[in-house]
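Notes follow once the structure below has been shown.
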Amino acid sequence: MIVEASFLDKLKHFGLNSYQSKLWTALLSRGVATAGELSDISNVPRSRAYDVLESLEKKGFIIMKIGKPIKYIAVPPSEVIKRVQKRIKVDADRETEQIESLKASGVMGELQMLHSQGIEKIDPTEMTASIKGRGNLYDHLTDLLDSAKKSVVICTTAEGLVRKADALKRSLKQLKKKGVKVKIAAKLDATCKNAAKELKEFAEIKNSNIDGRFVIVDGERLTFMLVDDKEINAGYDTGVTVDSQFFVQSFQKMFDKQWKEMKK
């Protein structure tokens, strides 16, 4: 039986390696078969077939039929999906519990103390770092917004406003509850009309003519994007984060001057 490599590669989402994928798909095509038969049609060495089939049985993908010779029965894919979902949920719940217990332990306090002591020794010029990939950028921006105490400034494009309405809505909602003042400047057009309406509940929004994308938090921390989002693939979008109070406050003053001239 020949199965395309691209199809087998997709089975990694089920938590299967190459041999497991080959034997499972072979058994699905036969319904019931011996280890030798499955080895022959899947091109998995016989010396490995029994171990791999045993691992599939433990995962709940197949059932071993007692008899001579021993045969294996394929579990229906729909049932396998349910089992995989259940296993992922159990694993996620267990990992979450471990992380929560770590947060409440003395280890977290010690780690935070080490970090605070380290930050005090860092020169402001060294508190600059680059972040690559839009997913990583939004993870960073979420953390940045969640740490805000007084104010947040967001300057973006029309497309960027749509993305932020999706990715940062929860954080912006929490900022409103905390009493943090949020200003959003964007090049507004028809493409971001709904996003603007959605974010208007949490922030003051004005139409901007600024060609740039950046976020300022509390006038102390700044993250700005280096390229036009229309000209870059999301995976290559890059931002720079700066924690220099002198630089960020200068940036904030320039924005405040522009903000006064913008229209709501």
Among VAL227, GLY239, GLN98, the residue whose Cα sits farthest towards the positive end of the charge dipole of the chain (+1 at Cβ of Lys and Arg, -1 at Cβ of Asp and Glu, taken about the Cα centre) is GLN98
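Percent antiparallel among DSSP beta bridges with both residues in the range 125-261, to the nearest 5? Mind dumping the intermediate values first?
Details: 17 of 27 bridges.
Close to 65 percent.
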Extension gain from THR142 to LYS181, taking 0.36 nm per residue of separation minus the Cα-Cα distance
12.4 nm
Report the calculated FRET efficiency for ARG48 and GLU79 (r = Cβ-Cβ distance, R0 = 22 Å), to the nearest 0.05.
0.30
R0 of 45 Å, Cβ-Cβ distance THR191-SER250: FRET efficiency to nearest 0.05:
0.90
Out of all DSSP beta bridges in the chain, what portion is antiparallel? Express it as a percent rounded to 5.
70 percent
Using a simple spin-label model with points 7 Å from Cα along the Cα→Cβ vector, what separation in nm is obtained for LYS89 and PHE14?
2.0 nm
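If you take every residue apart from LYS169 with its C-beta less than 10 Å away from the C-beta of LYS169, what net charge results, scoring Lys and Arg +1 and Asp and Glu -1? Each step should come with its number before you reach the end.
Details: positive: LYS164, ARG170, LYS173; negative: ASP166, GLU198, GLU201.
Surrounding charge for LYS169 is 0.
Given the DSSP H assignment, sum -39500 (n - 2.57) over each helix run of at least 4 residues in the chain and divide by its residue total; what's the result at 222 nm in deg cm²/dmol, nearest 500?
Working: 11 runs with 140 residues, N = 264.
Value at 222 nm, helices only: -16500 deg cm²/dmol.
What is the extension gain from ALA167 to ILE232, computed as 0.36 nm multiplied by their sequence separation minus the C-alpha to C-alpha distance, in nm to one decimal? Mind showing how you got there, number by number?
Numbers: separation 65, 0.36 × 65 = 23.40 nm, distance 1.88 nm.
Result for the pair: 21.5 nm of gain on full extension.
Only the coordinates and a few stated rules stand behind these numbers; no lab work does. These figures come from a predicted structure and were not determined experimentally. Because the Cβ atoms are built from the backbone with ideal geometry, glycine has one as well, and the counts that use them run over all protein chains shown.
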